[in-house]
Amino acid sequence: MLKRSWLPALVTTVFVTVGTGCGDECVDQFDCRDKGTPPAGQAYACVENKCELRTLTPTPEEDAGTGTDAGTDAGTTTDAGTGTDAGTTTDAGTETDAGTGSACTPACTLTQVCNPTTLTCEDSGPAVTDTSAQIAAFKAAAGTTYDPALPVNGAFVTYVKPEVGADVAGFFLQAEANGPAMFVVAPVGTVQVGDRVELNVTGATVLSGVNKAASSYTDLKVVSSGHPVRNLNTATPAGLVVDRSSAPTTELLDKADTYFATIARMSGTLNGGSSASGSGHVAFTLRTGGINNANLKLRVTETVAAGLGLVDSCAVTLGAGPIWKFTSAATPPVTTVQPSAYYATDLTGVTCPAPTLVSAIGTSLTEVKVSFSRPISAASLTDVPAQFTFTNGIQAQSATVSGKDVLVTTSAQTGGADYAVSVASSVKDTVGGAITIPNTAAFKGFRTAAVLRLTEVQPSAATPANLDLLELQVISAGTTGGIQVQQDVTTTVLLATLPDVLVAEGDIIVVHLNGTVDSETTAKNQFPTSSNAANYDTAWDFKGATANLPFSSRVVVVRDALGQIQDAVPFGRSTTTAPGTFPGSLQAIQAAGQWLPADCGGVLPCTATTTPTAQDVSADWTTLPSSGATPASNSIRRIGATDTNTKADWAVGAPSWGVANP
């Protein structure tokens, strides 16, 4: 650990020594450079004006993540968040290491720094109990402006959080392992993990409804850096990370305010699927050794969740992450404790259900999109021709990975011919899981893809099973294989993957969410209305996903097999608050040229406070039935043959399922 305030003094000393003719052998270690390169593991130090060899044997810290790494680095000035880093995109560590120690032997404690001249550990600031008292005073202070300012001296930076969605960037401060701790709003790069700082807080704000954070301050100074804050509090030297994996509900959930903003390690299993947790974030119920309660959530960015393929039953360890909390507006209010990860390297030891092969589709006469249940590691594709083998005479040549999809370049296919692809177990997901059975999928040689347009929607179908309906019209003939209908853009929910059916221009397709009848693939009346009352003999009836389309402000998107948008429509409900993901999803389809206006009075994203608002520019389905709808109930549908990509194309009225709209 290096005390930064010594740097100017060291430079000055060098200049003075060079300019004098003193008889002493040295003033500091820089004067010992003429001794040559010291032996490995040793360095020259200036002791009583004489150059002496000192042995360098820094003691490694205990890891704050897994036994191998997951936190010994916590970031470097050149790293910024790669495999061994557990810090932030900018740095998250210190110039030296963020905790592995310095040239001092034994390694300095959390509150000490190593004097590079004497190679001895020295105190770097005030007593941590005094700093904790100052943090507690800030948290207890009334109001949001402070004159005189509230000092916080000697706090350690434990985590640097980037701006994601509506969440502001900033850093977390703490002095003792059990807290208290606080959050300071600031741009990434202001400080680094392991810094010891002092500042005077002049203003505060409230985040997530109840969480007090410092929003303005003066006299920020980094007193020293490289403190081993990411070490466990039981390590040598001890850090600030406490393993809360065994903490019971009565300790962690019932004392959310006490542990808010503290840095923690937690291991557990994701229990259930993800849920939206603010713009750009998702949350999973985390079941640990001490808690099995829906109010303990692992909160991560959408990017982290997608990159690691986090799903129900994944086992994870949060090596060192801040504890956030969210309190609902319900009566009585419910508080959710949220250990958080903003970087993939925050999570270690991730094990998830093994990946399987889901589907394959020819996207050109020399390309096949192979889709898996989990995101695939590009690094595992070491011998594509051997790892992806095809029947009927075609061969794999190369491959490109995009999330759960692998686009395989092949030798020439025959359009419409029958093929199958098998994938070797050497192909792995992003957390190291090997492909398992089913690992084979059939497909047909490439044929021209159909182009579809969304024409009618019913999000409030009656129970049981939430049989919501979507209608599509064929604008250009071709195959529907691999076309997907999705809800939203920023946090996507799959509503349907269409089967491989050759459709004609003008054909109508009705998608039955939670459908109980198989998709029609040979004729529109393959499963006739006479024996399947929910079907329409004038349309292709396709079975959708096991999902429902929520009756709130949502975006419905149609994508081709390569993921390109064919159509997209935002639907707004003015009587409820829009989900946090709605503005971002609306902005995405505006940017893709699928919706107008392209902005809201020159502002993006469109929100509830812009002019016009996000609701104002969306197709308005507010007057649809709020629940219990039947196929005979009003739907929202297109009212003209021309697609202007505006709300004027849509209106609520009598349904026209299975036939072209008026």
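The values are calculated or read from the model by the stated rules, or taken from the named source; none is laboratory data. Everything numeric in this text was worked out from a predicted model, so none of it was measured. Neighbour counts run over all protein chains shown; Cβ positions are idealised from the backbone, glycine included. Keep in mind that these areas ignore ligands, DNA and RNA; they rest on the heavy atoms of the full protein, side chains included. Shrake-Rupley method; radii C 1.70, N 1.55, O 1.52, S 1.80 Å.
Quick notes
- Residues (open to solvent by 40 Å² or more (accessible area, probe 1.4 Å) and either farther than 18 Å from Ile291 by Cα or of a type in the set (Asp, Glu) (or both)) located in segment 239-267: Asp243, Glu251, Asp254, Asp257
- Residue match in segment 189-209 (condition: basic (Lys, Arg) and either within 16 Å of Ala141 (Cβ to Cβ) or open to solvent by 10 Å² or more (accessible area, probe 1.4 Å) (or both)): no
- Selection of segment 417-445 for residues being more than 32 Å from the chain's Cα centre (by Cα), open to solvent by 60 Å² or more (accessible area, probe 1.4 Å) and among the hydrophobic types (A, V, I, L, M, F, W, C) yields only Ala442.
- If the condition is being in a helix (DSSP H, G or I) and either in contact with an Asp or Glu (Cβ under 7 Å, 6 or more places away or on another chain) or not aliphatic (A, V, I, L, M) (or both), then segment 568-589 contributes Phe582, Pro583, Gly584, Ser585, Gln587.
- Cβ-Cβ contacts under 9 Å between residues 6 or more apart (or on different chains), taken from a first residue in segment 261-287 that is of a type in the set (Val, Ile, Thr) to a second residue that is modelled with pLDDT under 90, are listed as Ile263/Ala64; Val282/Ser274; Val282/Ser275; Val282/Ala276; Val282/Thr491; Thr285/Gly272; Thr285/Ser275.
- Scope segment 160-178; condition under 17 Å from Pro339 (Cβ atoms), surrounded by 23 or more Cβ atoms within 10 Å (Cβ to Cβ) and more than 20 Å from the chain's Cα centre (by Cα); matching residues: Gln174
- Restricting segment 395-408 to residues that are β-branched (Val, Ile, Thr) and surrounded by 16 or more Cβ atoms within 10 Å (Cβ to Cβ), the residue that is nearest to Leu365 (Cα to Cα): Val408
Every residue, every condition in (1) in contact (Cβ under 8 Å) with a residue 40 or more places away in the chain; (2) more than 30 Å from Leu298 (Cα to Cα); (3) assigned to a helix (DSSP H, G or I), yes or no:
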residue: Ala354; (1), (2), (3): yes, no, no
residue: Ile361; (1), (2), (3): yes, yes, no
residue: Gly393; (1), (2), (3): no, yes, no
residue: Ser398; (1), (2), (3): no, yes, no
residue: Leu407; (1), (2), (3): yes, yes, no
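- Any hit, segment 278-288, residues being modelled with pLDDT under 95 and more than 11 Å from the chain's Cα centre (by Cα): yes
- Residues (surrounded by 17 or more Cβ atoms within 10 Å (Cβ to Cβ) and not in a loop (DSSP other than H, G, I, E, B)) located in segment 611-626: Ala614, Gln615, Val617, Ala619, Asp620
- Against the test of being open to solvent by less than 60 Å² (accessible area, probe 1.4 Å), of a type outside the set (Lys, Arg) and out of contact with any Ser or Thr (no Cβ under 6 Å at 6 or more places or on another chain), the options Ala629, Ala608, Ala641, Ala598 yield a single qualifying residue, Ala598.
- Members of segment 174-205 found to be assigned to a strand (DSSP E or B) and without any contact (Cβ under 8 Å) to a residue 60 or more places away in the chain, listed by number: Val184, Val185, Val197, Leu199, Asn200, Thr202, Gly203
- Of all residues making up segment 627-658, the number that are acidic (Asp, Glu) and either within 22 Å of Leu513 (Cβ to Cβ) or in a loop (DSSP other than H, G, I, E, B) (or both): 1
- Qualifying residue in segment 245-255 (condition: outside any strand (DSSP E or B), touching a residue at least 24 places away in the same chain (Cβ under 8 Å) and under 19 Å from the mean Cα position of the chain (by Cα)): no
- Inter-residue pairs, beta-carbon under 7 Å, first without any contact (Cβ under 8 Å) to a residue 24 or more places away in the chain and in segment 410-435, second open to solvent by less than 20 Å² (accessible area, probe 1.4 Å) and of a type outside the set (S, T, N, Q), 6+ apart: Ser425/Ile435
- If you filter segment 281-302 down to residues that are surrounded by fewer than 21 Cβ atoms within 10 Å (Cβ to Cβ) and in contact with a helix residue (DSSP H, G or I) (Cβ under 8 Å, 6 or more places away or on another chain), you find that the one that is nearest to Lys325 (Cα to Cα) is Asn293.
- If the condition is being modelled with pLDDT of 95 or more and aromatic (Phe, Trp, Tyr), then segment 554-588 contributes only Phe571.
- Qualifying positions in segment 540-587 - open to solvent by less than 10 Å² (accessible area, probe 1.4 Å) and either touching a His at 6+ places or on another chain (Cβ under 8 Å) or free of Cβ contacts under 8 Å to residues at least 12 places away in the same chain (or both): Asp541, Phe542
- Residue within segment 425-435 that is within 30 Å of Arg573 (Cβ to Cβ) and among the polar types (S, T, N, Q) present: no
- Number of residues in segment 470-487 that are modelled with pLDDT of 95 or more and under 31 Å from the mean Cα position of the chain (by Cα) equals 6.
- Qualifying residue in segment 135-149 (condition: open to solvent by 50 Å² or more (accessible area, probe 1.4 Å), in a loop (DSSP other than H, G, I, E, B) and closer than 30 Å to Thr581 by Cβ): yes
- Residues considered: Ala598, Ala608. Of these, the only one that is hydrophobic (A, V, I, L, M, F, W, C), in a loop (DSSP other than H, G, I, E, B), more than 27 Å from Ala523 (Cα to Cα) and free of Cβ contacts under 8 Å to residues at least 12 places away in the same chain is Ala598.
- For Asn293: the one exception among (1) assigned to a strand (DSSP E or B); (2) more than 19 Å from Ile376 (Cα to Cα): (1)
- Close pairs from segment 363-377: first more than 18 Å from Ala442 (Cβ to Cβ), partner among the acidic types (Asp, Glu) and part of a strand (DSSP E or B), Cβ under 7 Å, at least 6 apart: Arg374/Asp429; Pro375/Asp429; Ile376/Asp429; Ser377/Asp429
- Odd one out for Val510 among (1) among the β-branched types (Val, Ile, Thr); (2) at pLDDT below 95; (3) more than 28 Å from Glu302 (Cβ to Cβ): (2)
- Residue match in segment 427-442 (condition: of a type in the set (Lys, Arg) and under 28 Å from Gln590 (Cβ atoms)): no
- Each residue in segment 331-352 was checked for being assigned to a strand (DSSP E or B) and not small (Gly, Ala, Ser), and 9 pass.
- Against the list (1) more than 14 Å from the chain's Cα centre (by Cα); (2) open to solvent by 10 Å² or more (accessible area, probe 1.4 Å), the condition Tyr343 fails is (1).
- Some residue of segment 379-389 being open to solvent by 30 Å² or more (accessible area, probe 1.4 Å), over 24 Å from Gln484 (Cα atoms) and without any contact (Cβ under 8 Å) to a residue 24 or more places away in the chain: yes
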